[in-house]
Every structure is written in structure tokens, then in C-alpha cells.
Amino acid sequence: MALKITYATMSADNEELNASFEKAVVDVQSRLGQSHGVIVNGEHRRDRDLYEEVSPIDRDILVGRYAQATNDDVDDAISAASVFAPEWEAWGWEARRDLMLTAADIMEEQIFEISALMSYEIGKSRLESLGDMAETVEFFRYYARQITDHDGFVTPLNSLGATETNTSVLRPYGVWAVISPFNFPMALAAGPSIGALLTGNTVIVKPSNTGALMALEFYRVMDEAGLPDGALHILTGAGVVIGEHMTHHDDVDGITFTGSYPVGMHLLQTASEKRPKPVSCEMGGKNPVIVTRSADLDLATQGIVRGAFGLSGQKCSATSRVYVEHSVHDELVDKLVDATARIQVGSPFDRSSFMGPLIERGVVTRFEKAVDEVRSGGGTILVGGNVLTDGDLTRGHFVEPTVVTAPLDSWIWSEELFIPLVAVTGVSGLEEGIALSNDTEFGLTAGLFSTDEREIDKWFGEIEAGVAYVNRAAGATTGAWPDIQSFGGWKGSGTSGAGGGGPWYLRQYMREQSRTLIR
Ligand code: NAD
């Protein structure tokens, strides 16, 4: 790929990129609408109840039919993963790393085809789909560099005598469960799996029902790279059934969950009831941005628009609250309304579309409910607020990007909405902006627009968020990239305290063994 894509890539005006993506959109059509089994120990079990996934772009496009795994499938996958775990650890980190690097190359070679499938499946714009894929390729390579730089996490310790050798060895837990959400269906199924596999765990993935195709594509790439059957298993189906059974299973040794706060909290509180096990939960956000009077307002506008409306607001890092110092409030709001009104909404297969559909009909209902709350609760829709049903859009789930004001006690300011709606209000200055920003159960990402060094220092010191951005036009609160910004939440947004794509991430998949040998 001539152009390196990240989530900070500002526009898709590269002809080669567009042509490759558009060719892939046609080429992959024959891969849509197929029936897929669950994958247990290399076996594709197809004789199961199937559920259908249709594209959010157009309900007439059948993305695929997927097997509803049974609890027996869960048991079998965990059993096979347990049996293979010692052999996988014995492979050694160099061999596992080399396999991951092979997989990265295979994924990169197929990046346009898999991205096109992802756009059909999730409705992502081409840059968002390519970003999700390129991020995954980078996870393979970044984590491979990490384990290499740490020499497989084997660290010599001091000794009390000449006959004594002491070593700290980080070793895998065993069988790791990965539960992933719909919105980054490759990066968030693959990222934790790569971390767990590379460090020597075997892995069971339970993807979101919307997003299952990407988990199966991940498996295909790993299979092509030569991953042994026992190392990775994919169980599609309803979370409340098999996700519940899998995470509470005695032989699952650790869990990475990425998804909503209620499900994450439930798993955190119950999954290790019967036996201790690490449960890492990366959850929601209600991500605030402060704009002070010293800010470049054009930059702030661009950052807020990309942060609030990228992937139709369906990012855990989406910008959802904006606190603007009174003296620049009206000017910023005018610019924001103007920029929002110019956003192109439509099929990701149109080059001009910045914003695609919402994932499903239920989310459109959530959008309508939020708009009603603003109107009936004393707020104002400054721009947007409508469901789009013109022409072909009627076959998908398209809505307008929306900017609102609302009283501060409205749930618009507190609940994670996961829709393209951002609320704006005036504040007296940075102090009040920080207090309001932190007044939430969440602590994922946050943004500041300011050119005042004292304000910037104060904000970095006081903002309660795992990912903090100052003056970022590419996304006021969104668009973290491996080895550029580690990505993980504080407070109700995350439990691991070590962001994905960051220097401390792999640690959570290993437990320390201290080895003393006296000769
Ligand atoms: P979700 O919580 O509805 O589902 C996430 C996954 O959990 C799915 O695979 C689902 O099937 C499974 N699940 C549901 N109930 C379960 C149970 N009882 N036991 C085990 N598994 C169960 O989330 P979603 O709608 O797919 O994704 C959106 C949410 O994810 C948002 O809240 C967003 O903020 C969050 N998210 C967080 C991050 C992050 O890194 N912090 C990243 C992306 C998305």
C-alpha cells in the first residue's frame, strides 16, 4: 500500500488506495452470504442453528450466516485449548513471534479484500476499515518487537552466592478467553488474541454477532500462517449464552473483554467467583473536550467533528461532550454547526462519504430517543437530528450528524450513547471544564484545545482519562495507534491499567515465576 493508513489519515484522496479498495469491494462479493461454522480445534462445525447478519448499509445484502455455538462447543474448545497449552508454551517465544510476523504479512497482503468485507459487515468508511486492518497488522508487529526487546520476558535477578542463579520468568496463564465488540471487529478480536497467543496462551474468541465475519477472517489468516489447531478457536453466537458459559468456565485462566460497561462490570464481578483469574475489561466512554479562549478554533472544530462523527459516533473514544470557554463559545459553535452540516453521509462505497450507517435499527431508535430527550428536556438541536431515508439510504440505518445543547442534568451528558451526537455548553474556564469533564463514571479518552502552556500542564495533571490529547485535529478524542498512543481506560472505562498497543500491554497475559537454582 503506497499510503500508510492510520486513524489519523485525514482524507482518502489517494487514487491508488481508492482504486484498490473499490476493486476489492467487487471482488469480495462472492464471499458474502455464505454459511459459517464455529471453529473448534481446527474443525468447522456447521450443523448448528444459524443466525443471519445483514449489512447496515443495505438490508438486502446478506453478509453471512453464522453458527450459534452450543455450550458443548464451548466445553470442547476449552478442553482442546487446555490440552494444547503446554505444547504452545514449549514452542518458545521466538517461534511464536515468527508465526505472528508471518500472519502480519499475510494480513497486509489481503488488506483491501478484508477491509471491503468489513465495510459490508459494519458499514465503516474505507478509511475506517483500512485503519482497523492496518492497526491489527501493527499489533502483530509492535507486540513482536516488545517480546523481542524484553528477551521473552526472562529477566536475570541478583544472587546471594556463587552457586545460585535467580531468574524472573513471565509465563502464560494457559487458556485465555477473548470477548470482542462490533465496532472494531478485527482489531479488538485480533489485538487481545495476538497478545495472549504471542505470550504463550491458547485462545478462544467470542466475537460480537455483528462482526463475526472479521473474527473468522482473523482465524483464516492465522491458519494460513500455520497456527496449530489447538491454539485458536472461534465460537460465534449470543453472548448471554456462550459468552456467559465460557467466561465462568473453570478451565478458562484469563479473560479480555472489550464492550459495554454493564456487561464488563458483570463479568468483573462474577467471572472469578469460583477461582481467581485475571479479568481485564475495556469498556465504554463519555469522552469530553475542553476548548479554551486561547485555542485555535478551526483546529478544535476539525478535531471535534472527526472525534464525534468518525464511524458514526460508534467508537468507545468518540467525542460526546464539549465544554467551551464562554468568550469563544458562540464562534466555536458556529464553526461546529457549519462543519457538521457539510459532512457527507452515505454508503462507504461512495468516495465522498465521511459517515456511514449505524450498526442496526435499534441504534437508530436510540438516536431518536436522544433527539427527543434534547427537544423535550429544554435543549436545542443545533444541527442534524434526523433519520435519513432519501433514495437508497432507506435500506440502511443512516442518520444525520448532530450537535445539541442540553441542560447539564440531562442524561445526554452522562450516558454513553454510541451515536453521532455531541453536546456543547459554555464554561467559565479550564477549571470548570475539568470539573465537568471528570464528573463521570468513565475515564477513557479526553481532549483539550489550548495554546496556553500552563493550561496544558494543568489539564494533563488533572484530567481523569487513560488517553489524553491536546490540539489534535485528526480526532479530538479518537484515533489511538499502536506504539503512538497506548489505548486503555481509567475508572469505569477499563481495568487493566495498561493500554492496548502500549509498552505495558503484554504483561497482563503472563504471570511471574521466580526461579532459584543452586548448583
Ligand atoms: P456489548 O457489551 O454489547 O458486547 C460486547 C461483547 O460481549 C459481544 O461479543 C457480546 O456478545 C458479548 N456479551 C454480551 N453479554 C455477555 C455475557 N453475559 N457474557 C459474556 N459475553 C457477553 O458491546 P458492543 O455493543 O458490541 O460494543 C460497544 C461497546 O463496547 C461500547 O460500550 C464501547 O464503548 C465498548 N468498547 C470499548 C472499547 C475499549 O477499548 N474500551 C473499544 C471498543 C468498544
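Annotations for the structure displayed:
- For the chain, alpha-carbon Rg over 2.2 N^0.38 Å: 0.98
- The range 243-270 and the range 405-456 have Cα centres spaced 30 Å apart.
- Given charges at Cβ of Lys, Arg, Asp, Glu: the chain dipole, positive-most of S129, G92, L197: G92
- The charge dipole of the range 287-481, taken about its Cα centre with unit charges on the Cβ atoms of Lys, Arg (+1), Asp and Glu (-1) only, comes to about 660 debye.
- Candidates P262, S208, A238 compared by Cα position along the dipole of the range 207-306: farthest toward the positive end lies P262, with charges placed on Cβ.
- Where N is the number of residues in the range 448-515, Cα Rg divided by 2.2 N^0.38 Å: 1.35
- Largest first, the residues H248, H44 sort by 1.4 Å accessible area into H44, H248.
- Tail fraction, Cα-Cα pairs, the range 362-442, threshold 19 Å, whole percent: 42 percent
- Average projection, convex hull of the Cα set of the range 287-481: 10.4 square nanometres.
- Taken along its principal axes, the alpha carbon cloud of the range 393-519 reaches lengths of 72, 49, 28 Å, longest axis first.
- Cut-off under 5 Å, modelled amide H: who pairs with L232 long-range: V203
- Ordering L436, V364, G500 by the projection of their Cα atoms onto the charge dipole of the chain, which places +1 on the Cβ of Lys and Arg and -1 on the Cβ of Asp and Glu, puts G500 at the extreme positive end.
- For the pair E273 and S159, label points projected 7 Å from Cα toward Cβ lie 4.9 nm apart.
- Assigned charges on the beta-carbon of Lys, Arg, Asp, Glu; the chain dipole about Cα centre (debye): 580 debye
- Remark: the R361-Q344 segment gains 4.1 nm on full extension, using 0.36 nm per residue and subtracting the alpha carbon distance.
- A crude spin-label estimate for the pair K23 and D330, with each label 7 Å from Cα along the Cβ direction, gives 5.4 nm.
- Calculated [θ] (222 nm, deg cm²/dmol) that DSSP helices of n ≥ 4 give over the chain, each run adding -39,500 (n - 2.57): -12000 deg cm²/dmol
- When only alpha carbons are used to place a centre, the range 89-162 and the range 291-322 end up 30 Å from one another.
- Normalised contact order of the range 287-481, rounded percent, pairs of Cα under 8 Å and 6 or more residues apart: 34 percent
The values are calculated or read from the model by the stated rules, or taken from the named source; none is laboratory data. As the structure is a prediction and not an experimental result, all values here were calculated from the model. Cβ sites come from the backbone with ideal geometry, for glycine too, and all protein chains shown count toward neighbours. Keep in mind that these areas ignore ligands, DNA and RNA; they rest on the heavy atoms of the full protein, side chains included. Shrake-Rupley method; radii C 1.70, N 1.55, O 1.52, S 1.80 Å.
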